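Please treat every number below as a calculation from the coordinates, not as lab data. Keep in mind that this is a model prediction, so the values were computed, not measured. Here the Cβ is made from the backbone with ideal geometry for all residues, glycine too, and neighbour counts use every protein chain on show.
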Amino acid sequence: MTPQPTSDTRSAPSFRFRHLLGIEGLSRDDITQILDVSDGYAQTNRQADKNVDHMVGRTVINLFFENSTRTRTSFELAAKRLGADVINMSVSTSSIKKGETLIDTAMTLNAMHPDVLVVRHQDSGSVHLLAEKVNCSVINAGDGSHEHPTQALLDALTIRRRLGRLEGLTVAICGDVAHSRVARSNIHLLSIMGARVRAVAPPTLIPPGLDRMGVEVHHDMRKGIADCDIVMMLRLQTERMQGSYVPSIREYFQIFGLDYDKLGAAKPDALIMHPGPMNRGIEIDTDVADDIDRSLIREQVEMGVAVRMACLDLLSGNQTEPWAKNQ
Ligand code: NCD
């Protein structure tokens, strides 16, 4: 894990794709390249002077069709630290006919010649569709319950920095796997990097076909996290649920909420992660979430900026090269 130089002004080496739409389709080398560049930026971000000039003169547009605080802020900060001009567009979805407006918006923004569009949308597949219509690079900041690649990359960076590797680790992803783009991107990434992945949830919150992705499925929390290196908790995404998936919140916490009692089944030094926003007392006990020895949650947020700087840096400059493949 050799950090990249942080104080020079050379641009990062080019990435072989034009867009970052998902983790699926990336190779172990692609992921390692992004994590290595991110490591350098993690170091930069701990210095007093955090600014580099890799994207001076470039324009990044954050186009968010879904509410977001941490992801949008993280992308904004990342782009600003690279010297780019940043525009934030939050689009209300209440009054629009989705497909039409998405493409119309994309075409309008495209005409303004941005260099990178960072897009979050409530429909799975929508960011792919948009990427086909524009000339700039596109980063998927979360599409429906499909993918959220920068979250999986920041999770991987956090784990790699703490444990030195991803290969051979056992990671239990627990909670609302069915509605989680974070889970899907993490399953792809961890599998590509040689980690073992388990999903732990009630049957109603396990999507079909997980076993075909090489994931070991558990419905018992203690068995599911037994001997795990990492316990990754997920939020119950009630906004994506139609009808009831769990009998009651109280019962859900008792059976699937992470508290010290259940955590006792994992390795004694197992680490806890959560992508945020956290529902304390629903999927995770507040003391466990704030445990400074076991919880990586604060570090995940920190690594988010570094990973997004790396992704922006690697993709910007890739727009016009004819060899750059459309992922
Ligand atoms: C996640 C998301 O939006 O998918 N959060 C995030 O990116 N900070 C997970 C979630 O909303 O629960």
### Task
Return the FRET efficiency for the residue pair K50, N88: r is the Cβ-Cβ distance, R0 is 22 Å, and the value is rounded to the nearest 0.05.
0.65
#### Entry: Between 0 and 90°, nearest 10: helix 297-315 axis offset from the chain longest Cα axis
30
### Summary
Helix 70-81: inclination vs the chain longest Cα principal axis, degrees, rounded to 10, gives 40
### Task
About the Cα centre of the stretch 28-96, how large is the charge dipole given +1 on each Lys and Arg Cβ and -1 on each Asp and Glu Cβ? Please answer in debye to the nearest 20.
240
### Length-normalised contact order for the stretch 193-284 - Cα pairs under 8 Å, 6+ apart - percent
34
### Pairs of lysines in the chain (C-alpha under 27 Å apart; 8 or more residues apart or interchain)
8
### Message
Counting only helical runs of four or more DSSP H residues, what would the 222 nm mean residue ellipticity of the chain come to if each run contributes -39,500 (n - 2.57) and the total is spread over all its residues?
### Response
-10500 deg cm²/dmol
### Whole-number percent relative contact order across the stretch 103-161, with pairs defined as alpha carbons under 8 Å at least 6 apart
32
## Note on the structure
Dividing the mean separation of Cα pairs under 8 Å (6+ apart) by the residue count of the chain yields a relative contact order in percent of 23
### Query
In what sequence, highest mean first, do 170-176, 157-163 appear when ranked by Cβ atoms within 10 angstrom?
170-176, 157-163
### Query
In what sequence do S90, S137, S248 fall when counting other Cβ within 10 Å, fewest first?
S248, S90, S137
### Task
Note down the magnitude of the dipole of the stretch 234-289 about its Cα centre, charges +1 on Lys and Arg C-beta and -1 on Asp and Glu C-beta and zero elsewhere, to the nearest 20 debye.
180
### Message
For a Förster distance of 25 Å, can you work out the FRET efficiency between the beta-carbons of R162 and R28, rounded to the nearest 0.05?
### Response
0.80
### Listed residues L163, G194, M112: farthest to the positive end of the dipole of the chain (Cβ charges)
M112
### Whether the stretch 236-313 is rounded, prolate or oblate, judged on the alpha carbon gyration tensor where a/c under 1.5 counts as rounded
oblate
### Message
Quick check: the angle from helix 28-44's long axis to the longest principal axis of the chain, C-alpha only, nearest 10 degrees?
### Response
80
### Query
If you take the alpha carbon radius of gyration of the chain and divide it by 2.2 N^0.38 Å, what ratio comes out, to two decimals?
0.97
### Query
How many percent of the alpha carbon pairs in the stretch 261-305 exceed a separation of 12 Å?
62
